[in-house]
Each structure stands twice: as C-alpha cells, then as structure tokens.
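The values are calculated or read from the model by the stated rules, or taken from the named source; none is laboratory data. These numbers come from a predicted model, not from an experiment. Glycine also receives a Cβ, built like all others from the backbone with ideal geometry; neighbour counts cover every protein chain displayed. Remember, those area values only see protein heavy atoms, side chains included, never the ligands or the DNA or RNA. Shrake-Rupley method; radii C 1.70, N 1.55, O 1.52, S 1.80 Å.
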Amino acid sequence: MIEIKNCPSSLHEGLDTYSRKASKLLFGATKVSPILEFNIDEFRNTGRIVEAMHRISVSGVQEKFPAVVDNGMISIAQDGERSTHILKPAPWDKTLRDRKQIPANEHLTMQIASQVYGIRTASNGLCFTPDGQAVYITRRFDILPDGNKIPMEDFASLVGRNEQLAGKQFKYHGCYEDIAKAIRSNVAAWMVDMEQFFTLVVFNYIYANGDAHFKNFSLILDGQDYRLAPAYDLLNTSLHVDGDDLGLDGGLSQVIEKSDVYDRTGHPCRLDFEKFATKIGLVNMRVNKILDRFMTLPDEARQLIDRSYLTEKMKRNYLRIVNERISRFVRTSG
C-alpha cells in the first residue's frame, strides 16, 4: 500500500487523499478515493506485439485506459460508456529508464506548469493500485457534463501531417513556427493563444519535454471560435530517454538564424527564443516578461518537486536536469 502524505493532485502537504478543491476540479466531486479497486495489469493487452521503434518516445508507448468516476471510485469505462477521464499507468516498454516513475513525473510536470507558470493544463492527479503502483489520471476537457464531446483537432491534422504523407514519425517532422502559423490562421484571438503557446514551448525546453510533437498541441472549440486547448502530456522525458532539446525535428524555426551559443553548443539560449517570439508576432515587452520567469528555478517549483511522488533519487535527477537547462538558457554570446 502506498503512503499518501500530500494531495495526489495539487501536492498540498499533510493530506492522505485529494483536497476538496483539487477533487472538485479533477472529478467534479468532493470525495473520491485515490486507491483503485483493481490492478492495472488486469486490463493490459499482454499479447500486443511492439513494433520496432525508429525514434525513442515516451507517450508513443504509453497505454491509456478510458475511465469514469462513480460513487467516489475510479473505474475503467465499460464498452459503449462515455469516459470522463483517462488513466495512464507506467508504460509497458521496459527499455525506458525508471519507467514506473513516469506517472509521477507527468503529474509533477503538469502541476509545475499550472501552479508555477500559470499555463492552462488538463486537470490531473495520481491514483494508486492496491499494490501501490502510481497511475496518472487526467480529466477529459473535451467532454461536457452532459456527455457531449467538444470538437477538437490536433496540429498534426491542422498542418497536414499524417503517416501516409510523411511516414510513421510524421508527428515530429516540422518546426514550432508551423504550429504558430496554424494558430494565427485558425484562432480569432490569436495573440492571446500565441503567448500561451510560446510560454509552453519555453516551458517544454526548460523542463526537458522532448516529446512535444504536433499531436501534443490541439485547438478546441470554445463557443463559436477555436482556441488553444489546455496543455497535456507534459513530462520531463530526459529522465527516461535520451533525446533532443526540442520535440520537433526542425526546432523553433527553419528560417531563423541561430545564435552563436546555439551554433557553438547545439543548445538554444534565450536569444533564440526571443528571435522566435518576434517571428511569430509577439510583442517584445510581453516576451521579456515571459522569458524572465525562466531565468531561475522558482522556489515554488522546488517545493512541488520535493512534495511529488517521485523517488528521492528521481527528485534529485529532475532538479539536476532542469537546472542544466536553465544554465543553457541563460548563456549569452561572448
């Protein structure tokens, strides 16, 4: 049995279950048990054959189970039942380093994005199997309380990327400027969402999310207009796989000249993000305000890392990786 000392959603201290506020946000109910009544292995398709992978990815090998909440308990949705939540246990791929820590990693990274940087994220938390395995849970923001589904489209579709045209790794082919152009073309109030998108791109770099591909950004219908959907699938992938700094092959942009630091070290710095922000139409004063927040590691982020459900070793590694990214970010040409 897992010992719960902090809210498995907000990570507020001294709680052995979800806080009332977090539970209401995540489940729409104030009392939901964080302990599942089943072990996730009961629902795995153990006969599934894993195709050879040409690119290392975390989310691409992560199983997702549709879930519902009924009478204060989380359960797997039955056939034909509209799910309201998604469960993501530790991936089955044993080649991933410390794979059982991935649910706690994603939960922590999502909470830092939301609580520290004000990034709109899907409501999320952890729940636990009877034998103590952590399972990531997120509330589906595309499902209304009456069960109707809100139209939503990821950027792979919006920019015309698919397997037939670009091969199995289609979601990685391109650059973040491609997404920015699609936001400007499809969102009426594009400047507001462009700032949110830019903040998320910087966050993914600092917090080492190397799997931020086209399908991990979406637009969702909000009233009569499409808006940038809340962030999802955020995690520090460097804890589990070796990969690039940025999730797309083309980086920030394929036409912006790299800074001297980027050319010399192979890693972008603040100047590269400033150039990217200008390219996608953001105002310098607003951009500087966003980037200033990533120049150091906020105390709030340290506290969330310390209160997270990562092991002590993984907490140290998480901190080390983020501090290393910040040191790259603050470099200047000399």
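Figures for the structure shown
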read-out	value
Between 0 and 90°, nearest 10: helix 176-186 axis offset from the chain longest Cα axis	80
19 Å reach of a label modelled at residue 265, 7 Å along Cα-to-Cβ, counting backbone N of region 289-324	291-298, 318-324
With Cα atoms, 0 to 90° folded angle of helix 270-279 axis to the chain main axis	80
Apportionment of accessible area to carbon and sulfur, the chain, percent (1.4 Å)	47
Whole-number D in µm² s⁻¹ for region 183-324, Kirkwood Cα-pair radius fed into Stokes-Einstein, 25 °C, 0.890 mPa s	149
³J(HN,Hα), Karplus 6.51/-1.76/1.60, whole Hz, each residue of region 300-312, x for Gly, Pro	4, 5, 4, 5, 5, 4, 5, 8, 6, 9, 6, 5, 4
Theoretical ellipticity at 222 nm over the chain - DSSP helices of four or more residues, -39500 (n - 2.57) apiece, nearest 500	-10000 deg cm²/dmol
Heavy-atom accessible area per residue - region 216-327, 1.4 Å, Å²	48
Two-site FRET efficiency, residue 320 against residue 71, from Cβ-Cβ distance with R₀ of 41 Å, rounded to 0.05	0.45
Simple Cβ-charge dipole of region 101-249, Lys/Arg +1 and Asp/Glu -1, about Cα centre, in debye nearest 20	260
Tensor-based shape of region 155-258 (alpha-carbon gyration tensor, a/c under 1.5 rounded, otherwise prolate or oblate)	prolate
Positive-end residue of 116, 85, 134, charge dipole of region 71-147 with Cβ unit charges	116
Vicinal HN-Hα couplings computed from phi for region 95-105 (Karplus, 6.51 cos²θ - 1.76 cosθ + 1.60; Hz; Gly/Pro x)	7, 6, 5, 6, 4, 5, 8, 4, x, 5, 5
Rounded FRET efficiency, nearest 0.05, which uses the C-beta distance separating residue 256 from residue 79 and R0 of 35 Å	0.10
